[in-house]
1. Hey, if you drop one equal point scatterer on each alpha-carbon of region 39-116 and run the Debye formula without solvent, what base-10 log of I(q)/I(0) do you get at q = 0.15, 0.17 Å⁻¹?
2. Normalise the Debye intensity by I(0) for region 191-260, one equal point scatterer per Cα, no solvent, then take log10 at q = 0.12, 0.21 Å⁻¹ and round to two decimals.
3. If I take the Cα coordinates of the chain and project them onto the principal axes, what are the three extents in Å, biggest first?
4. Per residue, how big is the convex hull of region 131-289 when only Cα atoms are used? Give it in Å³.
5. For the peptides 117-124, 64-71, what is the packing order when you average, over each peptide's residues, the other Cβ atoms within 10 Å and list the highest mean first?
6. Mind ordering 210-220, 92-102 by average Cβ neighbours within 10 Å, highest first?
7. Hey, what does the equivalent ellipsoid look like for region 58-173, semi-axes from the Cα gyration tensor as sqrt of 5 times each eigenvalue, largest first, whole Å?
8. Using a Gaussian network model of the chain with C-alpha springs under 10 Å, which one of His139, His90, His103 is most mobile by mean-square fluctuation?
Amino acid sequence: MKPTPFEYVRAGSLGEVLSVLEERGDEAKVLAGGQSLIPTMNMRFAAPEVLIDISNVAEFRGIEVRDDVLRIGAMCRHVEVLNAPEVAKHAPLIAMAMPSIAHATIRNRGTFGGSLCHADPAAELPACVLALDARFNIHGKTGPRSVCAQDFFLGTYMTCLADDEVLISVDVPTANPENVFFFDEVARRKGDYAIAGLASQATVRDGIIADARLVFFAVSEVAIRADRAELALQGVPLENIDAEAICGAIADTITPFDDLTTSSAAKLTMMQVLTRRALETFASQGVAV
Ligand SMILES: Cc1cc2nc3c(=O)[nH]c(=O)nc-3n(C[C@H](O)[C@H](O)[C@H](O)COP(=O)(O)OP(=O)(O)OC[C@H]3O[C@@H](n4cnc5c(N)ncnc54)[C@H](O)[C@@H]3O)c2cc1C
C-alpha cells in the first residue's frame with residue numbers, strides 16, 4: 001500500500017523543527033529513520049499531513065561522555081550505537097542489546113531515539129534504558145525538560161511527549177566496576193522482535209547484591225520492572241541467591257499478555273528461564289567485581 005499524500009520538511013535547525021510542530025500540532029510527525037513510521041503510514045495506520053525530517057539537525061546527533069554520563073543523540077542510527085566504543089565501555093548493556101534489534105539494513109537507518117519514541121512493547125531499548133535508569137532530554141515550545149525513563153513510557157506506542165515536543169538525547173549513567181549486566185531474549189529468528197526478553201543490571205559490593213533491576217520486554221504494554229523480585233535480591237550475598245524464590249516473585253507479580261503466537265504461560269516460562277540465566281551471570285561475574 002501507499003501512504004496518504006504528505007508534505008515533507010527537511011529541518012535545518014531545532015528551532016525550525018519546533019516551529020513546524022507548534023504550527024501544525026498533531027498533523028505533524030517527526031521523521032527519524034522511518035523504519036517504523038513509514039511502514040505504519042504505508043499501512044494507513046497513520047496519516048500525518050507533514051513529516052519533519054530531523055536527520056540534518058546537529059542537536060540530535062553525537063555520542064559523548066561528560067563526567068559520569070554517556071549522552072546518546074536521538075538521531076544516532078542503531079549501527080552507530082552498535083559500533084561506538086563509548087557505548088561498549090560505558091553502557092555495556094546497550095551494546096549487548098544492539099545486535100538483537102532487527103537486521104543490519106534496518107539498523108543502518110533506524111535510530112536510538114526513534115526506537116524509544118515509537119515505544120513498541122517488544123523493543124529492546126526501552127527495557128535497557130529503564131534498567132540503566134537513564135534520563136530523557138526533551139525540548140518543546142516551553143523549553144527543555146528532562147524525565148526519567150520510568151516516566152517516559154506511558155503505554156503501547158505511547159510516551160509522555162506532547163505534540164510539540166521532541167526527544168533530543170538520552171543520558172545514561174556510566175557503568176562502574178561494581179555493575180554486572182545481563183541481556184537476553186527469546187525470538188523466533190535472530191533479528192525478529194522478541195517473544196520475551198530481559199535487560200538487567202545489578203550492583204555487587206563485597207559479594208552482596210546492593211541493587212538489582214530486572215526489566216522484561218515483549219510481555220506487557222510497556223517494558224516492566226519486576227519490583228518484588230528486585231527487592232528480594234537486595235542485600236543478598238551472591239552465594240545465597242535463591243533462584244526459585246525470585247522466579248516465584250516474578251510469577252506472583254507479572255502476568256504476561258498473550259500475543260498472536262505465544263500464550264501467557266509460555267511467556268512466563270521464558271521469563272523465568274531468562275531470570276535464572278541473569279542470576280547465574282550475577283553470581284559468576286559479581287564474584288570478580
Ligand atoms: C522488519 C523490521 C524489524 C524490526 N525489528 C525490531 C526489533 O527487533 N527490535 C526493535 O527494537 N525494533 C525493531 N524494528 C524497529 C526499528 O528498530 C526502528 O528503527 C525503530 O522502531 C524506529 O526508529 P526510527 O528511527 O526508524 O523511527 P521512525 O520510524 O522515524 O519514527 C518512529 C516514531 O517515533 C517518532 N520519533 C522519532 N524520533 C523522534 C524524536 N527524536 N522525537 C520525537 N519523536 C520522534 C516518530 O514521529 C514516529 O512516531 C524493526 C523494524 C522493521 C521494519
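1. The calculated log intensity ratios at q = 0.15, 0.17 Å⁻¹ are -0.59, -0.72.
2. Here the Debye-derived log intensity ratios amount to -0.35, -0.89.
3. Result, largest extent first: 60, 45, 33 Å.
4. Cα convex hull per residue, to the nearest whole number: 125 Å³.
5. Top of the packing list down: 117-124, 64-71.
6. Top of the packing list down: 210-220, 92-102.
7. Values: eigenvalues 80, 53, 36 Å².
Equivalent ellipsoid of region 58-173: 20, 16, 14 Å, largest first.
8. Comparing His139, His90, His103 in the GNM, the peak value goes to His103.
Bear in mind that the values in this text are calculations on the coordinates, not laboratory data. Nothing here was measured: the structure is a model prediction, and the numbers come from that model. When we count neighbours, we look across all protein chains shown, and the Cβ atoms used for this are built from the backbone with ideal geometry, even at glycine.
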